[in-house]
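Just below is one structure, and these are the notes that go with it.
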Amino acid sequence: MKNTGGDVHTISGNFDTSKGDLRKGQVYVEKKYFPDFSKIPKLLEDLVVMINSKLKKDLSSHEVLKLAADLHYNLVNIHPFGDGNGRVSRSMMNYIQMYHGVPLIKIFTEDRSDYIEALNNTEEENDISIFRNFICSQQIKFYKAEIQKFKDRNSGFQLML
């Protein structure tokens, strides 16, 4: 992020998006308004407490995936930064995966519109299972791609001596 963003000056104060400062202004995208910047520290604190209470438990791979998806969804909807909220949310989601020793989750670029739709539908329907199911479908897609790579590993170029 050091090569993106920079100083932002608002009526509420200044913050630097390249340093990961918490935003000090209202943010909205299309019709979606994110929480007021004054609520961000408390929302983040509550999210950290909730995640930490579940993180160290002995979780099944399905429960790990749900926890990772929940962290991602909640963090991206708190929208604490002026830039990079999606990247940070995906990184934190994968931290949960790494912590539990399970494969990372990839959100495929070609599925970006489905990703945004899943975020929006989850909020509109007030149903976290929508986003969890999207994340699960991305994980399945990743596994299938990896299995195919494994199957194809001997079909490419080989040195013959």
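Between residue 21 and 16, the built amide H atoms are under 5 Å apart, and every one of these is 5 or more places off in sequence or on another chain. When 123, 110 are arranged by Cβ crowding within 10 Å, least crowded first, meaning fewest neighbours, the order is 110, 123. For residue 24, go through the lysines and keep the ones whose alpha-carbon is under 27 Å away, minus same-chain ones fewer than eight residues off. By straight Cα distance, residue 24 reaches 2, 32, 39, 42.
Given R0 = 45 Å, the distance between the Cβ atoms of residue 42 and residue 161 translates into a calculated FRET efficiency of 0.10. Ratio of Rg to Rh for the range 38-145, alpha carbon only, Kirkwood? In the range 38-145, Rg relative to Rh is 0.95.
Taken together, the values in this text are just the output of simple stated rules run on the coordinates, not laboratory data. Values in this document were obtained by computation on a predicted structure and should not be read as measured data. Positions of Cβ are generated from backbone atoms using ideal geometry, with glycine treated the same way; all protein chains shown enter the neighbour counts.
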